[in-house]
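Written out below as structure tokens is the structure these notes cover.
Just so you know, all these numbers are worked out from the coordinates, no wet-lab data involved. Model, not experiment: these values are computed from the prediction. Cβ coordinates were reconstructed from backbone atoms using ideal geometry, including for glycine residues, and neighbour counts include every protein chain displayed.
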Amino acid sequence: MSGMNEQEAQLVEWLADMREEEAHELANRMLLEEGADPLRVLELCRMAMDVVGKRFEEGEYFLPELVLAGEMLETIGAVAKPLIVQGEGGAAAKLGRVLIGTVHGDLHDIGKNIVSFMLDINGFEVKDIGIDVPVKTFIDEINEFKPDVVGLSGFLTLAFDSMKETIAAFEKEGMRDRFKIMIGGGQIDETVRAYTGADAFGVNAVEAVNLCRGWTGAAA
Amino acid sequence: MSEMIGPYEQTAEAKAAYDARWQRLLSLARLEQPDRMPVGLHSFFWPANYGGITYKELMYDYDKAKQVTLDAAIELEPDGVYPLLLGSTIGRMLEKFDFKQLQWPGHGVGDMQPFQYLDREYMKAEEYDDFLFDPTGFYLHKYLPRVLGVFEGFDKLPRFAGMHYLRTMYGMRPFALPEVRASFDRIVAAAEETNTLFAHHLDWVQRLRAAGFPLANGTVATSPYDIIADYFRGATGMMKDLYRHKDKLKLVLGKMSTIVTRITIENARLAGHPIVFIPIHWAPDAFMSPKQFEEFWWPPFRKMLMGMIEADLIPMPMWESDCTKRLEVIKDIPAGKCIYWFERTDLVKAYEVLGDRVALRGNLSPSLLTTGTPEEVDAAVKHLVDNIWNKGGCMMLDGAFGIPDETPVDNVRAMFNAARKYAG
């Protein structure tokens, strides 16, 4: 990406600093009044999200900033995307495919949604198949989506057994070695990872991104 | 000499055991190490697995629920028992009120699944002003109809504030509306179910007491921030409010702090028990920055703790997840007045920081209790005893958040046996 002009740098800074109103006003002005390239504006958003991710990793930002950043990105995306001329640019190559869902019996989704968002803005193609996902649905979705990584989420202690059962079913289907499995959620730790047979666990969204990067060979 | 606890006889031996357990809890809170390390029995659905009934039965069948929870208490001999019926046997009450914030067996989840909370926006961001202007009016017209189906007609209720003279009567016409009358009928029927639940709870408490076991806490409260985050704005709504509506949010939190403190003092007095259990959801290290914690979360909660302490109550917050980075901040309370229960915070580390300020409770990990062996549970208890109790620390042993539903009975037995083996 080439260097940024002053206005572009301002947008990245305001997004990264959570100055929502100023960022939205500037993005709207660039897109709707000044005819800025929508792909360039989205690229600037992605650059701002890199800063947000870094600040999260460094312990300066926490969940509220990830959530607000997600919302700012969505709002600007809603303005920018309809302005993209068909055939222009083309979708950027994705780093890998991640299928993610909350295991059966568990209805929690806040953590899963944040992980999906962080993977998405970090260049992964994410398919989120929701909450309380039956084993068979995971298998069907895997066969169709062919992910590099499968993320199993769960907040309740009952999720330990649901995860174990889901991973055992992957083994039985003969598909276990086709992808890596990461687990995460409220009570997940190394003991649960070993119990379920997952490849790794993560305690936050940045760890999930780093795991996926490591597995897909993507540079951090 | 035996005594009667309601209709139940309490032998002299049971009375002595009850008194010893009760004193153990009170001296612990005062930071005086009791004769032995107390152990708590706290759970939601584990007693169903213990007693061989379904989760749905535990939620709906008062008699079976009383039996399995009493059997568990009598076998394990805890020093304090959570009011288990009020925590779990709520199915009929939820149904009668048409409660919208949970899914439970028969209502969205299966017979062997626990109830689960539905994180939604129950108050919109633009309603902060309504709440601040008139919280009771907001409850009557907006909040209660949203969370309890039986209150659906209440959105038609008149606005009371401002009524005067003949308008106090003219204004009452909405009470004659069919939907308002229907709401009242349903509310009365639902309230009768709550009365039934409380009658069973009191019966259970008397039987428990006759057998020698006190409650670990008489009532439950929630922190102001958690009430607004969980039950009003929803998780993501609240996180955005930290930026978008910070001033109004602080006003609401301040108001909620006073309201909850008053209700909690009243409830604790009715329950005749000073210990108040306060499960805490939004304090963990990962959920907000230290600055946000000190700006939004802690001040209204500290005010609430101080109000409770001034009323001679013993707050027992249960700090969910990992709160290591909060320890220095939450230390700012008078010594010997609270029991801090930690879920994933290293209890030994908590003891190092808070040992001279509060008693501790916890915290065998859920993964250990559900997937480990009795020997591993024994070793984990010994670790806590060696590093806290044997150093003069005041701690009550428990699971990280009580006994997880799926815990094998032998692991629970191992936890209680190890406490006796290593700490009296």
(request) With N set to the residue count of segment A:26-152, report its C-alpha Rg divided by 2.2 N^0.38 Å to two decimal places. (result) 1.20
(message) I'd like the distance separating the alpha-carbon centroids of segment B:250-270 and segment A:156-217, in whole Å.
(response) 42
(message) Of the candidates B:Pro317, B:Pro224, B:Pro178, which one comes out as most mobile in a Gaussian network treatment of chain B with C-alpha springs shorter than 10 Å?
(response) B:Pro178
(request) With a ≥ b ≥ c taken as the square roots of the eigenvalues of the C-alpha gyration tensor of segment A:6-83, please select rounded if a/c is under 1.5 and otherwise prolate if a/b is larger than b/c or oblate if it is not? (result) prolate
(request) Enumerate the amide H contacts of B:Val39 below 5 Å, restricted to partners 5 or more residues apart or on another chain; note that Pro and chain-start residues carry no placed amide H. (result) B:Asp79, B:Gly80, B:Leu397
(message) Running a GNM on chain A with Cα contacts under 10 Å, which residue among A:Asp106, A:Asp140, A:Asp148 ends up with the highest mean-square fluctuation?
(response) A:Asp140
(request) Express as a percent, rounded to the nearest 5, the fraction of DSSP beta bridges in the protein assembly as shown (both residues included) that run antiparallel. (result) 15
(message) Among the listed pairs B:Lys124/B:Lys246; B:Lys156/B:Lys250; B:Lys142/B:Lys255; B:Lys349/B:Lys421; B:Lys56/B:Lys255; B:Lys142/B:Lys250, which have their C-alpha atoms separated by more than 26 angstrom in this model?
(response) B:Lys156/B:Lys250; B:Lys56/B:Lys255
(request) Pull up the cross-link candidates among the lysines for A:Lys54, meaning alpha carbon to alpha carbon under 22 Å and not fewer than 8 places away within one chain. (result) A:Lys94, A:Lys112, B:Lys240, B:Lys291, B:Lys325
(request) Could you please rank B:Phe133, B:Phe99, A:Phe138, placing first whichever residue has the fewest other Cβ atoms within 10 Å of its Cβ? (result) B:Phe133, B:Phe99, A:Phe138
(request) Name the helices (complete DSSP H segments) of chain A with a Cα length along the long axis of 20 Å or more and a Kyte-Doolittle mean of at least -1.0, or state none. (result) A:38-57, A:63-80, A:158-172
(message) From the helices alone, meaning DSSP H stretches of at least four residues, give me the mean residue ellipticity at 222 nm for the protein assembly as shown, per-run term -39500 (n - 2.57), in deg cm²/dmol to the nearest 500.
(response) -15000 deg cm²/dmol
